[in-house]
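The values are calculated or read from the model by the stated rules, or taken from the named source; none is laboratory data. Since we're looking at a predicted model, the values are computed, not measured. Quick reminder, even Gly has a Cβ in these numbers, built from the backbone with ideal geometry, and neighbours come from all protein chains shown.
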Amino acid sequence: MNLVRTICPYCGTGCGLLLRVVDGTAVATYPDREHPVARGHLCIKGWTAHEFIHHPDRLTSPLVKKGDSFKEISWDDAIKLAMDQLLGIAGKYGGDAVGGLSSAKCTNEENYLFQKMIRAGFHTNNVDHCARL
Amino acid sequence: MTNSITDLAGSECIFIIGSNAAESHPIIMGEIYKAAEKGGTIIVVDPRRTAVAENAHIHLSIEPGTDIPLLAGMMRYIIDEGFYDREFVDARVDGFDDLKEFVAEWSVERAAEECRIPAAVIRNVARIYAEAAESAIVYCMGITQHACGSANVTALCDLAMLCGHVGTEHSGIYPLRGQNNVQGACDMGALPNVYPGYQDVSDHAIKAKFEGAWGRELSGSPGLTVTEMIRSAGREIRGLFIMAENPALSDPDVTHVAQSLASLDFLVVQDIFMTETAKFAHLVLPGGSFAEKTGTFTNTERRFQLVRKAVEPPGNAKDDFSILCLLGTAAGLDFSYTDPRDVMTEIARCAPAYGGVTYERLERQGLQWPCPHEEHPGTPYLHKGRFTRGKGLFVVPRHTPPQEMPDDEYPFYLSTGRMFAHYHTGTMTRRSPFLNRETEMAYAEMNPLDALGIGVGEGDTIRISTRRGSIIVAVRVTCRIASGSIFVPFHFTEARANVLTNPVLDPQAKTPEFKVCAARLEKVIDR
Amino acid sequence: MGGIICAETVTGIETMVEETKKLVQKFLAERESDGILGLRKGDWNIIQPHVFTLPEELDALVLDPKWPFAKLAMQILRTAPKEYRLAVICRGCDERAIFELFKRNQIEENRIQIIGIPCSSEQARLCLCERPYPTKLDVGDAVPGVDPFEDAGVKELLMGDDTRRMKRWAQVLKRCIKCYGCRNSCPICVCEPCKLENEVWVRRGSIPTEILSFHLIRAFHLSDSCVACGACQEACPVGIPLQSLQLSMRRALRERYDYIPGCDPVKKSPILGDFVDEPEKDRSIPEWVNTLRE
């Protein structure tokens, strides 16, 4: 049995979760009795935190817009396209023509890298996230 | 928040204002009930009779947008009657005369008239808060999502300092953070004016430090906030990268947001689902959910906590750390990190407040910052004995009424918020079968008198219109809401509450006034 | 109520852990089961449930804190292959829950084995447990149970003035945030579909939930099967004393029918069981039962 000790993805309380994983699939969520804040408690959202992870709507490939629809492309092409376009805009209009919205759902490490990428990569401080919303 | 969540259980008085913690932060509500079981007094200020209000000792059903009159009236009474903590104020806070001068304008009677709460109740509540041995203030978006949101927060800080209810274990101020890592996103410098650890971007020495660390020349002028970026999209802002955010649903006046997003030269959206925002993108990158990544989240009590990878991302999706490493490298930066752990080492090095944070130390119970070095035990509560700036400062909170008030044309107050089974724009919760079963369609809460007034009953459909647009939702008739007001949760893409909301911002924090605007209601005849 | 009533625990916790490890080692060596469900104290002293399959893992085996296992055992068996057999380190309440799951055809008897351990008297006091030991006690010594009706909190909820009690119950039940934690944690709550997800009884989309239909449906569904493990109460984030909801019915069952849920793997509840096969002592079959047969 594989129980992975992690943190709830919903509100700012940050309750501890144990995700039960069977054959690479998260099948259940249990409260973590050792967590310093939640102490074995979860709300309705915490108890069901595993339910959206493997939803069929999950995005599984980089997509580029062609006309009105999206087409799958490779990661190499996607990364190149993203940076060619954004660096091109920064070159043409200046770094302040580029902006980045980071995420209150992503980790600290990802937020750190995101703001570093925007600030150092484009010479702008146009970086924010939805703390105000 | 100044203190720790579990410290609430020991408070003698908990003053909750603009927070429906029972639905939005249920586990924190559990700590509040523990305080009540020990004999503590729970006071709730909210225009709606929320689940929190229902379970409080005292509920003040305040007129929307009149928080400052209430707090000013309370402070006036506390000062007049000498209930404030003279010793604390003398020793630890500057600006008392300014505060006294300000509250002189706010007699309890005037406050009572503005907020439509009996003067005797304001006096009673003020006295209970001031005289309790340790009182805590809990607030949430009901305080901040106003045109005077910053001033509201200032008023709460003034109240706490006036009564000496800061800097001890069971007192303090508890802003409840709404997202799992909104604290961390701020801490990591995902803000236009500060680097990681709240270091000012316009400070030359700090800028030079980061230029050295990152090997690039950096901009010294603060950037634009999220609402400003969206508003200037297609003009000043030509290219936008949005990682796991959904402004097409979460920002005010989304009709304009959609136009802005559509006018960008290039939009990249990185997310786990095809969100309303991603549909506008030129390029969509498939990211990883919380279960697919290693890293840390920081909760509302400043606690760094380890997030551990449980499963692989689906198909060709990648966790966001890996995607950012690819992007940073493509941008010509040295992003040769092999593990999120390397990033934490760099964070600890460049932000003094997190200097002592390592993954090893987080394994068991996490760590609350400030934690400046590896021997530091972390900080369960702030401002013990001393404020960050040395002495605290009373700042005068100027009252600004809501920018759009009900009138003949739009006679109702409209307020938006969350309900217990859903979360933010519903991207995750509406794909969770058990949660979606609880509520699968948008609704508006309406007082029975108002429902009678326009001839609708439970489950009937109405059109809600504001100066921005209109949506059609089902009616939920309930006495939880006062006559003259309606409440709409914003989780539903089929009926986007933010089509209606007023995009006016708090001048300082740039937070939109989601909690008050004027609306008109009409019955929709089913055909 | 029979059972083993011994003096205060004589075996220390360390000895008990060592004895349990030996027993688990034997289970593994003799392949009596494919895995043993217990608690592991892992890296950084983090304790969580674990299925032990290798002898070298046993160093990390611990017995505390109390962590209800019956439902987890059932869920593990459901996702495992048909021939998979699991042993479970069981406290009294875990064993009772597993016995009740046998009777409800939720666990096949031949797929599960019990390694019985007693609770300490301190744990028994915390749980207000009447039977802090399993019927099959493999290590340690049983300590006497606690009479929950002696507890001040229980007295406040279950004895004395009705109006005052009603107010107190309303006060605590009104706090319900509808997390479904009580149901999710309960080893006996296995109905599918669950009545609490039926809109006839429980309105969707708002809190607090209806006190009568939500909490009393649960209470009555479990009235003759609740094994008093306390998992519901432990899982409740807002501190509703859910265990006390069951106490009166438990007492009635024991006093009138000499029946304790979960204390026997076969004997069924006198309320829902077969009246013809198991007439209770000094009790005839109620008249109304005959009307059901026509």
If you check every pair at least six apart or on different chains, which have Cβ atoms under 9 Å apart with a residue in segment C:94-117 that is touching a residue at least 24 places away in the same chain (Cβ under 8 Å) first and a residue that is part of a strand (DSSP E or B) and of a type in the set (G, A, S) second?
C:D94/C:G116; C:E95/C:G116; C:I112/C:A87; C:Q113/C:A87; C:I114/C:A87; C:I115/C:G38; C:I115/C:A87
Residue match in segment C:52-74 (condition: under 22 Å from C:E109 (Cα atoms), outside the structural domain of C:C186 (by TED's automatic domain parsing) and surrounded by fewer than 16 Cβ atoms within 10 Å (Cβ to Cβ))
yes
Looking at segment A:32-62 only, could you name the residues that are more than 20 Å from B:P433 (Cβ to Cβ) and touching a Pro at 6+ places or on another chain (Cβ under 8 Å)?
A:R33, A:A38, A:G40, A:H41, A:T60, A:S61, A:P62
From the list B:G197, B:G220, B:G212, which residue is of a type outside the set (D, E) and touching a residue at least 24 places away in the same chain (Cβ under 8 Å)?
B:G197
Could you look through segment B:1-40, keep only residues that are among the hydroxyl-bearing types (S, T, Y) and in contact with a Ser or Thr (Cβ under 9 Å, 6 or more places away or on another chain), and pick out the one that is farthest from B:A56 (Cα to Cα)?
B:T2
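If we keep just the residues of segment B:212-252 that are part of a helix (DSSP H, G or I) and under 21 Å from B:N181 (Cα atoms), which is farthest from the other protein chains (Cβ to nearest Cβ)? Don't jump to the end; show me each part of the working.
The initial filter retains those residues of segment B:212-252 that are part of a helix (DSSP H, G or I), namely B:212-214, B:226-231, B:247-250.
Those left that are additionally under 21 Å from B:N181 (Cα atoms): B:226-227, B:247-250.
Values: B:V226: 4, B:T227: 7, B:P247: 7, B:A248: 12, B:L249: 10, B:S250: 5 Å.
The selected residue is B:A248.
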With segment B:265-335 as the region, which strands (runs of 3 or more DSSP E) entirely inside it contain at least 3 residues that are more than 20 Å from B:N181 (Cα to Cα)?
B:266-271, B:283-286
Is at least one residue of segment B:265-285 more than 27 Å from A:K80 (Cβ to Cβ), crowded, with 19+ Cβ neighbours inside 10 Å and aliphatic (A, V, I, L, M)?
no
If B:T225 satisfies every condition in (1) in the same structural domain as B:T277 (by TED's automatic domain parsing); (2) over 28 Å from B:N502 (Cα atoms); (3) not small (G, A, S) but one, which is the exception?
(2)
Segment B:478-504, residues that are part of a strand (DSSP E or B) and of a type in the set (S, T, N, Q)
B:S485, B:N502
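Considering only residues that are assigned to a loop (DSSP other than H, G, I, E, B), of a type in the set (G, A, S) and at pLDDT 95 or above, which ones fall in segment C:89-123? Steps first, please.
Keep residues of segment C:89-123 that are assigned to a loop (DSSP other than H, G, I, E, B), which gives C:91, C:104-108, C:117-120.
Filter once more, keeping what is of a type in the set (G, A, S): C:120.
Matches in segment C:89-123: none.
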B:T345 - would you say it is part of a strand (DSSP E or B) and either out of contact with any strand residue (DSSP E or B) (no Cβ under 8 Å at 6 or more places or on another chain) or assigned by TED's automatic domain parsing to the domain that holds B:A262 (or both)?
no
Does C:R175 qualify as being assigned to a helix (DSSP H, G or I) and touching a residue at least 40 places away in the same chain (Cβ under 8 Å)?
no
Filter segment B:418-477 down to residues that are in a loop (DSSP other than H, G, I, E, B), over 27 Å from the mean Cα position of the chain (by Cα) and free of Cβ contacts under 8 Å to residues at least 60 places away in the same chain, then give me how many there are.
3
From the list B:M1, B:M29, which one is modelled with pLDDT under 95 and within 14 Å of chain A (Cβ to nearest Cβ)?
B:M1
If you check A:D57 against the conditions, is it touching a Phe, Trp or Tyr at 6+ places or on another chain (Cβ under 8 Å) and acidic (D, E)?
yes
Among the residues of segment A:34-82, the number that are acidic (D, E), surrounded by fewer than 18 Cβ atoms within 10 Å (Cβ to Cβ) and within 7 Å of chain B (Cβ to nearest Cβ) is 1
Among the residues listed as C:E109, C:E192, C:E122, the single one being assigned by TED's automatic domain parsing to the domain that holds C:A235 and surrounded by fewer than 18 Cβ atoms within 10 Å (Cβ to Cβ):
C:E192
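Residues checked against (1) at positive phi; (2) part of a loop (DSSP other than H, G, I, E, B); (3) surrounded by fewer than 20 Cβ atoms within 10 Å (Cβ to Cβ):
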residue: B:T338; (1), (2), (3): no, yes, yes
residue: B:R341; (1), (2), (3): no, no, yes
residue: B:H376; (1), (2), (3): no, yes, yes
residue: B:P380; (1), (2), (3): no, yes, yes
residue: B:S415; (1), (2), (3): no, no, no
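What are the residues in segment C:202-251 that are hydroxyl-bearing (S, T, Y), over 19 Å from the mean Cα position of the chain (by Cα) and outside any loop (DSSP other than H, G, I, E, B), if any?
Scanning segment C:202-251 gives a single hit, C:S213.
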Which pairs have Cβ atoms under 7 Å, sit 6 or more apart or on different chains, and link a residue in segment B:325-338 that is touching a residue at least 24 places away in the same chain (Cβ under 8 Å) to one that is buried (at least 19 other Cβ atoms within 10 Å of the Cβ)?
B:L333/A:M117; B:L333/A:A120; B:L333/A:G121
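Quick grid of which residues meet (1) within 14 Å of chain A (Cβ to nearest Cβ); (2) out of contact with any Gly (no Cβ under 9 Å at 6 or more places or on another chain):
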residue: B:P401; (1), (2): no, no
residue: B:T427; (1), (2): yes, yes
residue: B:T439; (1), (2): yes, no
residue: B:F492; (1), (2): no, no
Give me the pairs: first residue in segment C:207-232 and closer than 19 Å to C:F149 by Cα and assigned by TED's automatic domain parsing to the domain that holds C:V154, second residue of a type in the set (D, E) and part of a loop (DSSP other than H, G, I, E, B), beta-carbon distance under 9 Å, and six or more apart or on different chains, which are they?
C:A228/C:E130
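From B:I58, B:I28, B:I43, B:I17, grab the single residue that is in contact (Cβ under 8 Å) with a residue 60 or more places away in the chain, over 30 Å from B:D98 (Cα atoms) and touching a strand residue (DSSP E or B) at 6+ places or on another chain (Cβ under 7 Å).
Sole residue among the options that is in contact (Cβ under 8 Å) with a residue 60 or more places away in the chain, over 30 Å from B:D98 (Cα atoms) and touching a strand residue (DSSP E or B) at 6+ places or on another chain (Cβ under 7 Å): B:I58.
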Go through segment C:252-269 residue by residue and tally those that are in a helix (DSSP H, G or I), closer than 17 Å to C:F99 by Cβ and not hydrophobic (A, V, I, L, M, F, W, C).
2
Would you check which residues across segment B:253-308 are touching an Asp or Glu at 6+ places or on another chain (Cβ under 6 Å) and either more than 7 Å from every other protein chain (Cβ to nearest Cβ) or among the hydrophobic types (A, V, I, L, M, F, W, C) (or both) and list them?
B:V257, B:F273, B:A278, B:G287, B:G288, B:E292
Just to be sure before I move on: is B:T66 at pLDDT 95 or above, within 17 Å of B:H399 (Cα to Cα) and of a type in the set (V, I, T) in the structure I sent?
yes
Scan segment B:120-133 and tell me whether some residue there is in the same structural domain as B:I43 (by TED's automatic domain parsing) and without any contact (Cβ under 8 Å) to a residue 40 or more places away in the chain.
yes
